[in-house]
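FYI, it's all coordinate maths here, none of it is from the lab. Only a predicted model underlies this, so the values are computations on that prediction, with no experimental measurement involved. When we count neighbours, we look across all protein chains shown, and the Cβ atoms used for this are built from the backbone with ideal geometry, even at glycine.
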Amino acid sequence: MLRFKAAIFTLLLLLLFCLSAAAQTAEELSDTAALEEPVYEIPRLAQVTNFEAKDSPDDAGGEIELTWDLSVDDKKEDGLVSKYVVLRSQNPTSDFHIVGVANHRDSSYIDKNLKEGTDYYYKIVTFPKYQGEVRLTREEIDPLMEQYPELTELDIKDVSMLAEYDRDIMSVFDDNILGISRVAGPVKSRAQWFNSKDLDTLIIGLTICISVVIFIGMARGGRKLFLRRIGGLQAIENAIGRATEMGKSILFIPGIQDMDDVQTVAGITILGRIAKTIAEYDTKINMPVSRSIVMTTARETIKEAYLSAGRPDAYSDDMVHYITDEQFGYVAAVDGIMVREKPATCFYLGAFFAESLIMAETGNSIGAIQIAGTAMPAQLPFFVAACDYTLIGEELFAASAYLSGEPKQLGSLKGQDVGKFIAMVFIIIGAVFATLAALTGSEDILEITNMIKSWFSA
Amino acid sequence: MGSDLIGVWIAAFLTLGIMSFLYKDNPWYKFSEAIFVGLSAGYWFASLFWQSLHAKFWANWSPAVQSLFQGQFDYNLLYTGAGILGLMMLLRLIPPIGWISRWPLSVVVGGTAGLYLINYLVSNAVRQIGSTIQPVVTFPESIGWINSGGVIIGNVLVFAVLIVSLGFILFGRNTTIDLPTPTKLFFFLIALVACALGTFYSLSMPLNLTGLIIFMGVFCGLIYFFFSKEHTGFFGGAATVGTWFLMVTFGASFGYTVMSRMSLLIGRIDFLLVEWLKVVN
């Protein structure tokens, strides 16, 4: 009896063991199936329609513009579409790779940095919103990103969804699971010679340029062009005379920019006139500079001025000397020169930055007459506060033309005045239409206003 | 650690040396100035050599020449032109042919003038005109009572400015508007009544006059910078109003920039107290 009980107990144990093993095997099998079959069902969305790829107009090449009509699923109020994924290939049937993403409700995309003259083909994938939770960790995502760098165009949710669908994460783009458009192409990118978007700027620029040319012609023809007096210029000669009477030098600072800055050019032009007066009065000029090319140009200018004043022997290269390109190193040296030499007059004509107030305040402290001119809006307040006369913005260029009396400069200044007049006229007309549109609410007047504004929105 | 400490002490010594200029010019400042100027000039020389001559010229031109010897044309060979222009600059060192150095100068000046022409035209002129075209007055929709109060005060101020501006244009120092004084007075009184009515109207229905201020500022500013006509009469008055706008702008800019300069000073004081003296954590 005992043996019988033992045999039954053993049999029961064996049965339990077999059942347990069977359950475990079934679990393992179901796990394997989970890896091989999709866990997440990706919703099949309608593809985009009227998908077209063409060379981007009005560009310098290397860009292709893609346009499409939204997927039907994107037009619904709570649409299922999260984005449109752009695929590109140089082969119409294979090797498509993700190159970019357009947001849902967007119906265009510009593919950039392309090789000119190469045929490209495109597909657009209507990509669904992921309804579940992100299950992949960053540690799981990173190797996938390394394997497929193009996935960086997608976000972590998208990658998680794709991974849940299939371990071969890119298969979804090939096996017709998503709404994939027809292939558009071949299309080549090409550079255009003319950018039609800048036509308005061309017309405005040409108008001003033609005015300048006409006025230069008039000035060369001997016609006297009127320019109003500029306050600071009247003081220049007095300031030079004061330095002569006091037997002190004149300090000229041409700013800290190079000769590629038009303000430096204007400053050097005024220097030519000042240097001529200095040569005539036999006064000294000291010009520390922070750019080597400015030094060369300034030496040429002063040399020429001394020559035209009949005093070539009085010219010396030491009048213009290089300090350093470093902004505050230059300022430290100029301040030192100011307090040691105590010039009677300081000119600051050119492009200035943070050094403007430091120099102008030091010049003020030594009692020098100071005349400044710059078109740097942030520095003008300092010059206005610390100097005796300030040429504000365009007055610097006008002074350059006024003093030189050259037909080219006078003509260009008069031409710019034509540009200002045109600006004033259009501002008045535009403001009148804009006000009427705001007060009456008329769509027609608003349209005219927008048209005028569009001419000046290059 | 040791070298850091020495560096901090040197920096503090030179910082205080430069700041000593606030007292007066002195040998400590002269020493610091000479160190600053000499070091920066040397640094800039090395920097320009490696960043311009080497990185932009040699690194492009040298491979192009090598490929030319291999029978291939590389567009970077065009850098030869830049190299020749650079050499021409150095011809200043040979006085008999020093005049050749003017040619590269003219290329630099002319080239950059042409390059910037469109950029400046678009950013400084064309776009500014487009931005100025806006309604001179608008009716704000459903604004709160605080905002209404602000708009009313703003309107009263704007009307006051308009009256003063008109008065200046008609009776200002440089004005030679050729009208008899009673007529000027008549115009001024009409403007005064209109502005008073406008102010009264704005109290009941606030208008947004920001557009008017912008319009006046731009228009009068443009007149100030118009050089083909003497600033007399209407032009003189409008130009004076333009000057006011400029000065108000400069005042605001002055305050703003001074505040940013204070941050530079705070940076140096911070260095002295925290890194050097370590009296503040």
* When the helix-only estimate is applied to chain A (DSSP H runs of n ≥ 4, each -39,500 (n - 2.57), divided by the residue count), what is the mean residue ellipticity at 222 nm, nearest 500 deg cm²/dmol? -> -16500 deg cm²/dmol
* Asked: At a Förster distance of 41 Å, what's the computed FRET efficiency of A:LYS76 paired with A:ASP444, Cβ-Cβ distance as r, to 0.05?
  -> 0.70
* Between rounded, prolate and oblate, where does region B:2-93 land on the alpha carbon gyration tensor, with a ≥ b ≥ c its root eigenvalues, rounded for a/c under 1.5, else prolate if a/b exceeds b/c? -> prolate
* Asked: Which far-off residues, 5 or more places away or on another chain, put their amide H under 5 Å from the one on A:ASN286, with H placed in the peptide plane?
  -> A:ILE250, A:LEU251, A:PHE252
* **Ascending count of other beta-carbon atoms within 10 Å, so fewest first, for A:CYS346, B:CYS220, B:CYS195, A:CYS209** => A:CYS209, B:CYS195, B:CYS220, A:CYS346
* Asked: Tell me, A:GLU77, A:GLU304 in order of fewest to most beta-carbon neighbours within 10 Å?
  -> A:GLU77, A:GLU304
* Note, ³J(HN,Hα) from phi for region A:73-89, Karplus 6.51, -1.76, 1.60, rounded to Hz, x at Gly and Pro -> 5, 8, 7, 5, 4, 9, x, 8, 7, 9, 6, 10, 9, 9, 10, 10, 8
* To do: Sticking with the crude label model, points 7 Å out along Cα→Cβ, report the distance from B:LEU117 to B:VAL258 in nm, one decimal please.
  => 4.3
* Structure fact -> For region B:120-133, in residue order, the Karplus 3J(HN,Hα) values (coefficients 6.51, -1.76, 1.60; θ = phi - 60°; whole Hz; Gly and Pro = x) are 5, 4, 6, 6, 8, 10, 4, 5, 5, 5, x, 6, 7, 6
* Gyration tensor (alpha-carbon) shape descriptor, region A:101-161, a/c threshold 1.5 -> oblate
* To do: Could you grab the relative contact order for region A:320-458? Cα pairs under 8 Å, six or more apart, rounded to a whole percent.
  => 14
* Rounded to a whole number of µm²/s, how large is the Stokes-Einstein D of region A:225-405 at 20 °C and 1.002 mPa s, given Rh as the Kirkwood radius over C-alpha pairs? -> 136
* Per-pair calculated FRET efficiency, R0 = 30 Å: A:ARG229 and B:LEU22 via Cβ, rounded to 0.05 -> 0.15
* Structure fact -> Of all DSSP beta bridges with both partners in the protein assembly as shown, the antiparallel percent, nearest 5, is 60
* If contacts are Cα pairs under 8 angstrom and at least 6 residues apart, what is the relative contact order of region B:2-93 in percent? -> 15
* To do: Enumerate the amide H contacts of A:GLY100 below 5 Å, restricted to partners 5 or more residues apart or on another chain; note that Pro and chain-start residues carry no placed amide H.
  => A:VAL86
* List every residue whose amide H lies under 5 Å from the amide H of B:LYS229, counting only residues 5 or more places away in sequence or on a different chain, with H placed 1.01 Å from N in the peptide plane. => A:ARG228
* To do: Please arrange A:ASP106, A:ASP73, A:ASP313 by counting, for each residue, the other beta carbons lying within 10 Å of its beta carbon, fewest first.
  => A:ASP313, A:ASP106, A:ASP73
* Just how many pairs of Lys in region A:225-405 have C-alpha atoms closer than 13 Å, counting pairs that are eight or more places apart or on different chains? -> 5
* Asked: Using a simple spin-label model with points 7 Å from Cα along the Cα→Cβ vector, what separation in nm is obtained for A:THR137 and B:LYS278?
  -> 4.3
* Just how far, in whole angstrom, is region B:251-269 from region A:54-69 if you go by their alpha carbon centroids? -> 47
* Using θ = phi - 60° and the Karplus curve 6.51 cos²θ - 1.76 cosθ + 1.60, what whole-Hz ³J(HN,Hα) does each residue of region A:257-267 get, with Gly and Pro shown as x? -> 9, 7, 6, 7, 9, 5, 5, 5, 4, 4, x
